[in-house]
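To start, the structure itself, in structure tokens.
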Amino acid sequence: MSLVSRLSEEIQSYVDRDPAVRSAGEVFFTYPGFHAVVWHRLAHALYRRRWYFLARLVSALSRWLTGIEIHPGAKIGRRLFIDHGTGVVIGETAEIGDDVTLYQGVTLGGTTLEKGKRHPTLEDGVIVGAGAQVLGPFTIGRRARIGANSVVLKPVPPCATVMGVPGRVIKGKNTDPECFEAYGTSAKETADEVAISEAELMKQITRLEKRIQALEVSPKAAHPTED
């Protein structure tokens with residue numbers, strides 16, 4: 001694929017996934033996520049040729065211009081969409097498949113100082129919501145969704161939805177895995193998660209109220225002892 005075709009493909013991914021886009025020219029000249037990916041392509045090419053210092057120099061320049069830090073060693077597939085982008089950090093051994101979406105404040109980081117694979121692998125179509133942290137050398141399955149501000153510390157199966165700190169699977173399969181879901185979670189899923197939490201809280205409150213009532217009537221009734 002030619003350079004022009006690759007750039008056109010990257011730009012079109014922003015047009016398709018960001019309703020705020022008015023034209024391809026707007027993406028080309030004003031979108032830091034697009035700029036960061038273009039700079040990374042150059043930095044990664046230098047890195048693969050073992051021109052490490054020059055690669056890091058290009059990466060540092062990109063970070064200064066865009067607010068997005070991508071290590072030149074990271075492997076990034078086609079049509080990566082970084083929306084807004086400020087604060088995004090992608091580590092050296094991270095691997096990103098095709099059609100992945102990252103929102104602002106996302107970290108693809110590590111949890112060890114040892115050399116080798118330290119950062120996550122995101123398969124095709126993964127969506128990572130704003131502020132989410134994905135930390136460790138594991139795999140996020142194809143078309144999985146990570147909710148905003150989640151902290152993911154273990155593998156995620158394909159087509160799953162993960163939310164929380166630490167992140168846990170709240171939905172094993174998307175009803176429509178081909179559907180793009182902005183910010184990684186739908187309003188319905190978020191509302192369902194809140195409703196479940198409220199229901200559990202109400203159960204605990206009810207149990208405590210019954211125990212208090214029993215104590216008020218008879219302390220021994222609340223804590224019976226054996227003869």
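First compute the accessible area of region 47-165 with a 1.4 Å probe, then give the percent of it belonging to carbon and sulfur atoms. The partial results should precede the final answer.
On the way: 2940 of 5370 Å².
About 55 percent, which is the carbon plus sulfur part of the accessible surface.
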- prompt: So how strong a dipole does region 1-47 carry about its Cα centre when Lys and Arg Cβ are +1 and Asp and Glu Cβ are -1, to the nearest 20 debye?
  reply: 100
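When N is the residue count of region 1-90, what does its C-alpha Rg come to as a fraction of 2.2 N^0.38 Å? Can you show the working numbers first?
Values: Rg = 12.8 Å, N = 90, 2.2 N^0.38 = 12.2 Å.
It is 1.05.
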message: If I take R0 = 41 Å and measure r between the Cβ atoms of THR112 and GLU9 in this structure, what FRET efficiency does the formula 1/(1 + (r/R0)^6) give, to the nearest 0.05?
response: 0.70
task: Please sort 30-37, 80-87, 140-147, 41-48 by packing, taking for each peptide the average over its residues of neighbouring beta carbons within 10 angstrom, highest first.
output: 140-147, 30-37, 80-87, 41-48
message: To check you understand DSSP bridge types, tell me what percent of the beta bridges within region 73-168 (both residues inside) are antiparallel, rounded to 5.
response: 5
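For region 46-177, what D do you get in µm² per second when you plug the Kirkwood radius from alpha-carbon pairs into Stokes-Einstein at 20 °C and 1.002 mPa s?
Working: Rh = 14.7 Å.
So the translational diffusion coefficient is about 145 µm²/s.
The values are calculated or read from the model by the stated rules, or taken from the named source; none is laboratory data. Please read all numbers here as calculations on a predicted model, not as lab measurements. Reconstructed Cβ throughout: ideal geometry from the backbone, glycine too, with neighbour counts over all protein chains shown. For accessibility, only protein heavy atoms count, side chains too; no ligands or nucleic acids. Shrake-Rupley method; radii C 1.70, N 1.55, O 1.52, S 1.80 Å.
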